[in-house]
Amino acid sequence: MTKIVNHWIGGKTVEGASGTFGPVTDPATGAVTTKVAFATVDEVDAAVRTAKEAFVTWGQSSLAQRTSILFKFRALLDANRDAIAELITAEHGKVHSDALGEVARGLEIVELACGINVQLKGELSTQVASRVDVSSIRQPLGVVAGITPFNFPAMVPMWMFPMAIATGNTFVLKPSEKDPSASIKIAELLAEAGLPDGVFNVVHGDKVAVDRLLEHPDVKAVSFVGSTPIARYIHTTASANGKRVQALGGAKNHMLVLPDADLDAAADAAVSAAYGSAGERCMAISAVVAVGAIGDELVEKIRERAEKIKIGPGNDPTSEMGPLITAVHRDKVASYVTGAAAEGCEVVLDGTGFTVDGYEDGHWIGISLLDKVPTTAKAYQDEIFGPVLTVLRVDTYDEGIALINASPFGNGTAIFTRDGGAARRFQLEVEAGMVGVNVPIPVPVGYHSFGGWKDSLFGDHHIYGNDGTHFYTRGKVVTTRWPDPADGPSAVDLGFPRNH
């Protein structure tokens with residue numbers, strides 16, 4: 001019998017009323033294993049209404065109550081790592097170890113939220129004038145929403161809701177309809193931890209649900225992670241409806257390899273960063289920029305390592321890379337490789353014909369490596385979101401930095417070198433929000449914020465860290481004067497306040 005994933009509203013499962021369902025497939029077999037209910041406008045409104053009602057109490061709750069619940073949730077999340085990872089593997093296809101890593105990175109933000117009292121400390125200036133004090137405080141917004149992608153169905157929601165609810169907001173999550181089960185498991189664990197009904201809600205669906213969240217007058221802020229075209233749409237639409245928005249878009253992450261670099265380390269890093277999670281991550285290295293005469297040797301080292309990657313079902317402990325999320329996405333990724341030679345690329349590895357014995361209907365694609373790629377090729381210009389690595393050649397560092405900065409994306413980037421001076425120049429000159437020095441995927445730890453530049457971010461705030469606290473709260477300044485007991489009766493004074 002096909003499993004059905006329903007909504008979570010007001011602390012319990014709510015069956016979908018629309019009669020419309022989306023298919024959820026096992027990427028390793030291609031079989032539809034689950035149906036997910038798609039919400040109507042009325043169902044989204046019900047979730048927002050429930051969250052608004054819960055905010056009346058939750059927004060006034062103590063920091064001690066909020067963090068106590070988050071500590072319990074953190075313990076439950078830790079105890080259920082394997083169960084959540086299994087759900088991710090079953091619906092996304094990534095290997096179990098990768099799914100466990102995703103849960104671990106989400107845990108970092110839960111831990112950050114457990115200590116939110118430190119980040120919410122206000123400021124106080126005493127005696128700014130005679131018996132006048134000024135203080136600054138931060139308060140929650142109300143109902144906030146998160147719209148999250150398929151590639152990290154547990155981690156990306158945990159980049160959002162722990163910070164949101166720790167700061168006193170209530171939350172409505174619209175996860176990807178391609179792998180929805182992890183979000184419901186998380187909702188169940190939050191309820192088990194004692195989170196009051198209505199503080200965290202999940203509605204599944206498509207554009208109908210998304211658009212309603214973007215226009216709903218009671219939704220005060222929207223967080224999004226996904227492709228650049230959708231991020232731009234989310235930002236434009238939600239902003240037009242008066243909402244605060246952080247919309248993280250796509251990427252084309254470059255790795256600049258200088259002639260003095262340890263080429264074995266650079267090749268290891270390129271393979272891990274390009275092909276890990278089957279390339280379905282916004283921080284994947286998809287373009288290696290080789291400087292000078294090292295190109296041939298570097299490409300050969302990458303090829304040798306890439307050919308050894310074991311591709312198979314995510315629940316097979318020997319697999320190092322799993323299938324892609326859907327057959328449609330697999331075919332789109334393959335099109336960049338089949339058309340590469342005609343655009344002037346040298347195809348070193350072609351993974352488009354790959355399959356796995358016994359799983360022939362799965363969404364399989366092998367490792368692809370393209371060398372001497374011109375900047376005009378589609379494989380370079382587009383975010384492929386699959387296991388395709390492009391290598392570009394330049395003669396100098398200056399050519400390399402100019403090439404990287406000409407990209408419309410500015411998410412993450414890395415440099416591999418032994419030269420501290422070159423690395424220092426790079427981190428100052430490169431136009432990207434996250435920079436790695438001999439680190440291929442520079443995803444910040446929880447107490448630093450994650451986010452890119454240019455077409456990789458729409459809105460003023462990065463996600464989690466200090467930016468996350470500021471995004472989910474608004475500042476208020478209070479100026480106070482108390483009469484001294486020794487003062488006589490007050491008198492009206494229509495002049496400017498005296499500060500001295």
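Under 7 Å between Cβ atoms, at least 6 apart or on separate chains: pull out the pairs that start in segment 393-407 with a residue that is under 19 Å from GLU297 (Cβ atoms) and end on any residue that is open to solvent by 80 Å² or more (accessible area, probe 1.4 Å) and basic (Lys, Arg).
Partner pairs satisfying both residue conditions: ARG393/LYS372.
Looking only at residues that are under 14 Å from GLY146 (Cα atoms) and β-branched (Val, Ile, Thr) in segment 197-229, which one is nearest to the chain's Cα centre (by Cα)?
VAL225
Each row is one residue, and each column tells you yes or no for (1) under 16 Å from ALA193 (Cα atoms); (2) in contact with an Asp or Glu (Cβ under 7 Å, 6 or more places away or on another chain).
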{"site": "VAL5", "(1), (2)": "no, no"}
{"site": "VAL24", "(1), (2)": "no, yes"}
{"site": "THR29", "(1), (2)": "no, yes"}
{"site": "VAL48", "(1), (2)": "no, yes"}
{"site": "GLY59", "(1), (2)": "no, no"}
{"site": "ARG66", "(1), (2)": "yes, no"}
{"site": "SER97", "(1), (2)": "no, no"}
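Please give the strands (runs of 3 or more DSSP E) falling wholly within segment 393-500 in which 3 or more residues are under 30 Å from ALA166 (Cβ atoms) and not charged (D, E, K, R). If you could, list the steps in order and put the result at the bottom.
Numbers: elements: 412-416, 434-437, 473-481.
Filter on segment 393-500 gives 434-437, 473-481.
Could you count how many residues in segment 186-213 are under 21 Å from ILE4 (Cβ atoms), outside any helix (DSSP H, G or I) and open to solvent by 10 Å² or more (accessible area, probe 1.4 Å)?
Adding up the residues that qualify gives 1.
Got a sec? Which of ASP78, ASP42 is open to solvent by 40 Å² or more (accessible area, probe 1.4 Å) and closer than 30 Å to GLY322 by Cα?
Of the residues listed, the single one that is open to solvent by 40 Å² or more (accessible area, probe 1.4 Å) and closer than 30 Å to GLY322 by Cα is ASP78.
Can you tell me which of (1) of a type in the set (Asp, Glu); (2) within 28 Å of ILE234 (Cα to Cα); (3) open to solvent by 10 Å² or more (accessible area, probe 1.4 Å) is the one GLU102 doesn't meet?
Condition not satisfied by GLU102: (3).
Return the total of residues in segment 105-127 being open to solvent by 70 Å² or more (accessible area, probe 1.4 Å), at pLDDT 95 or above and of a type in the set (A, V, I, L, M, F, W, C).
Of the residues in that region, 1 qualify.
Could you tell me whether any residue of segment 282-289 is open to solvent by 30 Å² or more (accessible area, probe 1.4 Å), of a type outside the set (S, T, N, Q) and out of contact with any helix residue (DSSP H, G or I) (no Cβ under 7 Å at 6 or more places or on another chain)?
No, that holds for no residue.
When you scan segment 81-94, do you find a residue that is part of a loop (DSSP other than H, G, I, E, B), under 26 Å from LEU324 (Cα atoms) and open to solvent by 20 Å² or more (accessible area, probe 1.4 Å), even just one?
So far as segment 81-94 goes, no, none of its residues is part of a loop (DSSP other than H, G, I, E, B), under 26 Å from LEU324 (Cα atoms) and open to solvent by 20 Å² or more (accessible area, probe 1.4 Å).
Quick check on segment 427-481: of everything there that is aliphatic (A, V, I, L, M) and under 19 Å from GLY168 (Cβ atoms), which residue is least open to solvent (accessible area, probe 1.4 Å)? It would help to see each step written out before you state the result.
Of all residues in segment 427-481, those aliphatic (A, V, I, L, M) come to 428, 430, 432, 434-435, 437, 439, 441, 443, 445, 457, 463, 477-478.
In the following step, the residues that additionally are under 19 Å from GLY168 (Cβ atoms) were identified as 463, 477-478.
Numbers: ILE463: 1, VAL477: 99, VAL478: 57 Å².
Top of the filtered list is ILE463.
Being in contact (Cβ under 8 Å) with a residue 24 or more places away in the chain, more than 30 Å from ILE365 (Cα to Cα) and over 25 Å from the mean Cα position of the chain (by Cα) is the filter; apply it to segment 12-39 and report the residue that is surrounded by the most Cβ atoms within 10 Å (Cβ to Cβ).
Let us first name the residues in segment 12-39 that are in contact (Cβ under 8 Å) with a residue 24 or more places away in the chain, namely 12-14, 16-18, 22, 24-39.
Checking which are more than 30 Å from ILE365 (Cα to Cα) leaves us with 12-14, 16-18, 39.
With the extra rule that they be over 25 Å from the mean Cα position of the chain (by Cα), the set shrinks to 12-14, 16-18.
Values: LYS12: 12, THR13: 14, VAL14: 19, GLY16: 21, ALA17: 14, SER18: 15.
Among them, the one singled out is GLY16.
Counting only residues that are under 30 Å from LYS174 (Cβ atoms), give me the strands (runs of 3 or more DSSP E) lying completely in segment 226-342 with at least 2 of them.
244-248, 285-291
So for segment 61-80 (the condition being touching a residue at least 60 places away in the same chain (Cβ under 8 Å), among the β-branched types (Val, Ile, Thr) and touching a His at 6+ places or on another chain (Cβ under 9 Å)), does at least one residue qualify?
No: zero hits.
Within segment 241-273, which residues are basic (Lys, Arg) and crowded, with 22+ Cβ neighbours inside 10 Å?
Listed by number, the residues that qualify are LYS243, LYS252.
Collect the residues in segment 358-371 that are without any contact (Cβ under 8 Å) to a residue 40 or more places away in the chain and either touching a strand residue (DSSP E or B) at 6+ places or on another chain (Cβ under 7 Å) or open to solvent by less than 10 Å² (accessible area, probe 1.4 Å) (or both), keeping them in residue-number order.
Selection gives SER368, LEU370.
Does any residue of segment 107-118 turn out to be in contact with a strand residue (DSSP E or B) (Cβ under 7 Å, 6 or more places away or on another chain) and under 25 Å from SER277 (Cα atoms)?
No - not one qualifying residue is present in segment 107-118.
When the residues of segment 297-338 are filtered to those that are among the basic types (Lys, Arg) and open to solvent by less than 90 Å² (accessible area, probe 1.4 Å), which remaining residue is nearest to GLU360 (Cα to Cα)?
ARG330
For segment 111-131, what are the residues that are free of Cβ contacts under 8 Å to residues at least 24 places away in the same chain and of a type in the set (Asp, Glu)?
GLU123
Among the residues of segment 128-138, are any crowded, with 22+ Cβ neighbours inside 10 Å and among the small types (Gly, Ala, Ser)?
In the first step, residues of segment 128-138 are kept if they are crowded, with 22+ Cβ neighbours inside 10 Å; the result is none.
No, every residue in segment 128-138 fails to be crowded, with 22+ Cβ neighbours inside 10 Å and among the small types (Gly, Ala, Ser).
Scan segment 162-183 and tell me whether some residue there is in contact (Cβ under 8 Å) with a residue 12 or more places away in the chain, buried (at least 23 other Cβ atoms within 10 Å of the Cβ), farther than 28 Å from LEU120 by Cα and of a type in the set (Asp, Glu).
Scanning segment 162-183 turns up at least one residue that is in contact (Cβ under 8 Å) with a residue 12 or more places away in the chain, buried (at least 23 other Cβ atoms within 10 Å of the Cβ), farther than 28 Å from LEU120 by Cα and of a type in the set (Asp, Glu).
Which of the residues belonging to segment 394-425 are in contact with a helix residue (DSSP H, G or I) (Cβ under 6 Å, 6 or more places away or on another chain) and farther than 12 Å from MET255 by Cα?
VAL394
Say whether the condition of being farther than 19 Å from VAL144 by Cα and either open to solvent by 70 Å² or more (accessible area, probe 1.4 Å) or part of a helix (DSSP H, G or I) (or both) is met by at least one residue in segment 55-64.
Yes, because at least one residue in segment 55-64 is farther than 19 Å from VAL144 by Cα and either open to solvent by 70 Å² or more (accessible area, probe 1.4 Å) or part of a helix (DSSP H, G or I) (or both).
The values are calculated or read from the model by the stated rules, or taken from the named source; none is laboratory data. Computed from a predicted model, the values in this text were never measured in an experiment. Note that each Cβ is placed from the backbone with ideal geometry, even for glycine, and that neighbours are counted across all protein chains shown. The protein model used for the area step is the full one, side chains on, heavy atoms only, and it has no ligands, DNA or RNA in it. Shrake-Rupley method; radii C 1.70, N 1.55, O 1.52, S 1.80 Å.
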